[in-house]
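Note sheet for the following structure.
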Amino acid sequence: MRVAITGSSGLVGTALITHLESVGHTPVRVVRREAGDDEISWSPNGTADQEAAVADLAAQLEGIDAVVHLAGAGIGDKRWSDDYKRVLVESRTKGTALLANAIAVCSNGPKVLLSGSAVGVYGARGDEDLDETSTPGTGFLADLTVEWEQCTEPATAAGVRVVFLRTGIVLSAKGGALKKQLPLFKLGAGGTIGSGEQWWSWISIDDEVRAITHLLTGDIAGPVNLTAPQPTTQADFANTLGSVLKRPTFLPTPKFGPKLLLGSELAENLLFTGQKVFPQVLQDDAGFTFEHPDLETALRAVLGR
């Protein structure tokens, strides 16, 4: 399959391209600059002439079998000022709407759109077990994700199979949340954050890209949770990471530290609340088998331990 990928230079996009090539697919990068060989150029933040932008992107998507849409500003990259929250929303909704509208008018374009999403759609739900039948929650991230997913409607209306990749914490030593934590834990200064009772739903980078590739074929549509089958509390996450690194994890991090560093709203959403999410559709309906179903196996794989 010829698979176009937005966000191709990010953590997941880079790993996905490598994996797609290894199993015989042809990845096509969707870039914001002038397109080179096996690339497509687009302007996801919009232009003065949106109709022309849709037509231009549609022309480049002719002959593409599927699109994996991963582009969007980083949730934890900056403090959540009003301006940055607007960036978070628009970097997802504008690009998704452009892509969906372009796919919808193709004559020989993609038949599949795997569109980025997040487990944040469920909001902060404490110990509640969550799967794809669970309703959206409340709060900024939940509202953002609902709006993000709704922007794919033109593609769905055109008969394209659309999947929402509701991704949890992606574990990789090369980026994301784990890479940020490693320096402290390697020094023996890592530990429980806040109460430690908040649920973290995670997936190894290898299973993330394998699951995305798996969903390119078949008939699954709608939300799919890309999380491992064993979510963990933050305290258990810290203890397991310390064990894998052979470092102590007895130094707790009180709430005020991250809140001063990140801002109260971002820290609360990123560190102190979470979701207990299960990949019901991926396992039961799509028949996907995890290589790293438990946290220790996943951490040892991504850290080479």
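Coordinate-derived values only; no laboratory data. Just so you know, these numbers come straight off a predicted model, no measurement behind them. Positions of Cβ are generated from backbone atoms using ideal geometry, with glycine treated the same way; all protein chains shown enter the neighbour counts.
Under a 10 Å cutoff between Cα atoms, tell me which one of VAL23, VAL163, VAL121 has the largest fluctuation in the Gaussian network model of the chain. With Cα springs under 10 Å in the chain, the top fluctuation among VAL23, VAL163, VAL121 is at VAL23.
Translational diffusion of region 48-160, estimated by Stokes-Einstein from the Kirkwood radius over alpha carbon pairs at 4 °C in a medium of 1.567 mPa s, is 85 µm² per second. Taking the charge dipole of the chain about its Cα centre, with +1 at Lys and Arg Cβ atoms and -1 at Asp and Glu Cβ atoms, the residue from LEU266, VAL54, HIS292 reaching farthest to the positive side is LEU266.
Any idea what log10 I(q)/I(0) is at q = 0.14, 0.17, 0.18, 0.25 Å⁻¹ for region 101-205, Debye with uniform C-alpha scatterers and no solvent? Once normalised to I(0) and log-transformed, intensities are -0.73, -0.93, -0.99, -1.31. Of the complete DSSP H runs in the chain, those spanning 27 angstrom or more by Cα along the long axis with a mean Kyte-Doolittle score not below -1.0 are 82-104.
Applying 1/(1 + (r/R0)^6) with R0 = 30 Å to the Cβ-Cβ distance of PHE250 and ARG79 gives a FRET efficiency near 0.55.
Using a cut-off of 23 Å between Cα atoms, the listed pairs LYS174/LYS255; LYS78/LYS259; LYS94/LYS255; LYS111/LYS174; LYS78/LYS180; LYS85/LYS111 include LYS174/LYS255; LYS94/LYS255; LYS111/LYS174; LYS85/LYS111 as exceeding that distance.
In this Cβ point-charge picture (+1 for Lys and Arg, -1 for Asp and Glu), the chain has a dipole of about 1240 debye about its Cα centre. The modelled label-to-label distance between SER43 and SER107, using points 7 Å beyond Cα along the C-beta direction, is 2.6 nm.
A straight chain from SER9 to LYS180 at 0.36 nm per residue would run longer than the Cα-Cα distance by 59.7 nm. For region 156-216, pairs of C-alpha atoms spaced more than 13 angstrom apart make up 73 percent of the total.
Here r is the Cβ-Cβ distance between GLU51 and LEU260 and R0 is 45 Å; the resulting FRET efficiency, rounded to 0.05, is 0.45. Think of it as helices only: each DSSP H run of n ≥ 4 in the chain is worth -39500 (n - 2.57), and spread over all residues that comes to -11500 deg cm²/dmol at 222 nm. Length gained on full extension, ALA173 to ASP219, computed as 0.36 nm times the residue gap minus the Cα-Cα distance: 13.3 nm. Maximal additional length on extending the GLU62-ASP284 stretch stands at 76.6 nm, based on 0.36 nm per residue less the C-alpha distance. Per the Cauchy relation, a quarter of the hull surface: what is the mean projected area of the convex hull of the alpha carbons in region 2-303, in nm²? Here the figure is 15.1 nm², rounded to one decimal.
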